[in-house]
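Okay, structure first, notes after.
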Number of protein chains: 2
Amino acid sequence: MSDRRPIGVFDSGIGGLTVVRQLKKHLPYEDIVYFGDTARLPYGSKSRDTVLRFSIQNILFLLKKNVKLIVVACNTASSAALCDIKKNFKIPIIGVISPGAAQAASITRNQRVGVIGTRETIRSRAYEKHIKKISKEIKVFSFSCPLFVPLVQEGWAGKTITYDIASVYLEPLAKKNIDTLILGCTHYPLLKAPVASVLGRKVKLVDSAEAVARHTGRILSDAGLSNNKKIRGKLSCYVSDEPGNFKKVAEMFLGHKLKRIEKVDNV
Amino acid sequence: MSDRRPIGVFDSGIGGLTVVRQLKKHLPYEDIVYFGDTARLPYGSKSRDTVLRFSIQNILFLLKKNVKLIVVACNTASSAALCDIKKNFKIPIIGVISPGAAQAASITRNQRVGVIGTRETIRSRAYEKHIKKISKEIKVFSFSCPLFVPLVQEGWAGKTITYDIASVYLEPLAKKNIDTLILGCTHYPLLKAPVASVLGRKVKLVDSAEAVARHTGRILSDAGLSNNKKIRGKLSCYVSDEPGNFKKVAEMFLGHKLKRIEKVDNV
């Protein structure tokens, strides 16, 4: 069996493209439709109800594109909305929390795991709950880092100031003797160096994107939904604000040029 | 004549309350309806078309509240959308750009004025255009400071890191020998200290909020729309995201407690 319909992916903006990059690597024959809600980003500082409402609108948009599976490539939406969304839609929906939590639980040796994310992701305690389901023995230490996303968007990931801000946020975590840290926001992989500078090189950093791509491959294969036609898949990008700003940063996240990005009203 | 209808005020979020504070001071008998589009903030990084669309939706909401005049208490919306909005609506609409520009033009002695704001406000060159209309002799130097709003929202206005970031943004401006600086974003009055630490105490800082309040008073009075009933006016607050987060910061901006904030869907 072969299902040639695309995979749908959405995020509040651009960060979800780190997941797209891994999907393209692990599932090279799948077409992907990406939606970035750039007119309403960020989600991380907004309430659960609002993030749920936006997420449903994004899913309805992707369903119109005839997708076979949806990846919620946004930690805030995954933690705030995934449970409710899954209840209401028939299509398989994958979030980024559960694969990241599973990977961290399998890596830690001293049973002490850190999580960093946006205010809403941390407030929801979604990673903690998932990890506790896997093992009650694991201690989880969570901290929100609200300025990390604006810093990445400003292109300041490598600046001294970003290292200083990482110190302010992460020094309390550095005292917790963790051996594994979940980067609980799709922008954070671009801040691996400042994060490692505070926590030390021994702490393993878990970037959910790869775990999500592998998990997506398994779900597609188990459900007989894989695209077995051996032709490199296409990526179609849609955004809710003007595509101009998006394009440059998107190419940085993806590591290649993007031909066409279409602006749509998703509400 | 006395018109007891309220004044409508909107902003992308919370910053517009600096204008409300001045309106309450200068026009104490006027009722005010405030709308903060907290579900979709910030506007400063988004395109002109999107900001225009959001602004029109906000105005339609305020019109339902039977307002007699609307203040666009958001620099980004004022610079991106005011001209188009004014064309389409009958009601008097006041932005924050023109009063701030007029004040700066009247203050400067050496004819060298600086402007700082969000990326979209600076890109629009709205302040520059308004100042040039007043006097072609005045040189305008504009710089965007995209991290200033997230820093204020993080409650970091007084931290050393904010002083460091102010240095990065403002050192090029410090070389321009300006004697007047427009704080072209409603959040920036909370950053007067770090800004002054880079530019020196001799540079006069123009906060548009007060100029806007005085201008509103003149418009109301000229049009016979003032409320002459000598009873202290009421403030009604509406937001598009959950009011929880909004309340605490709102009270900081306003300098007094807020009783009730209502969540509404403005789209």
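Structural remarks
- Unsatisfied cross-links (Cα-Cα over 27 Å) in the set B:K87/B:K248; B:K139/B:K202; A:K263/B:K129; B:K25/B:K192: B:K87/B:K248; A:K263/B:K129
- Over every Cα atom in the stretch B:194-234, the radius of gyration and the widest Cα-Cα span, Dmax, amount to 16.6, 46 Å.
- Between identical copies, the spacing of B:R214 label points, each set 7 Å from Cα toward the C-beta atom, reads 6.6 nm from nearest to farthest.
- Full extension of the chain segment joining A:S221 with A:Y163 gains 16.7 nm, where the gain is 0.36 nm per residue of separation less the Cα-Cα distance.
- 222 nm mean residue ellipticity, helices alone, for the protein assembly as shown (DSSP H n ≥ 4; -39,500 (n - 2.57); rounded to 500): -14000 deg cm²/dmol
- Once backbone amide H atoms are built at 1.01 Å from N, B:K204 has B:T180, B:L181 as its partners under 5 Å, excluding neighbours fewer than 5 places away on the same chain.
- The stretch A:15-145, relative contact order in percent, only Cα pairs under 8 angstrom and at least six apart counted: 23 percent
- Within a Gaussian network of chain A (alpha carbon springs, distance under 10 Å), most fluctuating of A:V198, A:V51, A:V19: A:V198
- The stretch A:247-263 - phi-based ³J(HN,Hα) in whole Hz, Karplus 6.51/-1.76/1.60, Gly and Pro as x: 4, 4, 5, 4, 5, 5, 5, 7, x, 8, 5, 10, 6, 9, 10, 10, 8
- Sequence-distant contacts, meaning Cα pairs under 8 Å at least 6 residues apart, place the relative contact order of chain A at 28 percent.
- Value of relative contact order over the stretch B:97-208, rounded to a whole percent, pairs C-alpha under 8 Å and six or more apart: 35 percent
- Long-range Cα-Cα pairs in chain A (distance over 22 Å), rounded percent: 54 percent
- Take each residue in A:41-50, count the other chain C-beta atoms within 10 Å of its C-beta, and the mean is 5.
- Euclidean distance of C-alpha centroids, the stretch A:161-234 and the stretch B:47-112, integer Å: 42 Å
- Cα coordinate range in the protein assembly as shown, projected on the principal axes (Å, largest first): 76, 45, 44
- For the stretch A:21-112: rounded, prolate or oblate by the Cα gyration tensor [a/c cutoff 1.5]: oblate
- Across the identical copies, the 7 Å label point of A:E251, projected outward along Cα→Cβ, sits 4.9 nm from its counterparts, in ascending order.
- Projecting the Cα positions of A:Y43, B:I70, A:T162 onto the charge dipole of the protein assembly as shown (unit charges on Cβ atoms of Lys, Arg, Asp and Glu, taken about the Cα centre) puts B:I70 furthest along the positive direction.
- For B:F141, the residues 5 or more places off, or on other chains, whose built amide H falls under 5 Å of its own are B:V113, B:G114, B:V115.
- Global size of the stretch A:98-208 as Cα Rg and Dmax, reported in angstrom: 13.0, 39
- For A:Y238, the residues whose modelled amide H falls within less than 5 Å of its own, excluding neighbours fewer than 5 places apart on the same chain, are A:Y34, A:F35, A:G36, A:E262.
- Karplus 3J(HN,Hα) series, Hz, for the stretch B:205-215 with 6.51 cos²θ - 1.76 cosθ + 1.60 (x for Gly, Pro): 9, 9, 9, 4, 3, 5, 4, 5, 5, 4, 4
- Over 30 Å between alpha carbons, listed pairs A:K132/A:K257; B:K65/B:K86; A:K159/A:K257: A:K132/A:K257
- Couplings for the stretch A:33-42, taken from phi via the Karplus curve 6.51 cos²θ - 1.76 cosθ + 1.60 with θ = phi - 60°, read 10, 10, 10, x, 7, 5, 6, 10, 4, x Hz in order; Gly and Pro are left as x.
Each reported figure results from applying straightforward, stated rules to the coordinates on display, with no laboratory input. Treat the numbers as computed from the prediction; the structure is a model and nothing was measured. A quick note on method: Cβ atoms are made from the backbone with ideal geometry, for glycine too, and the neighbour counts reach across all protein chains shown.
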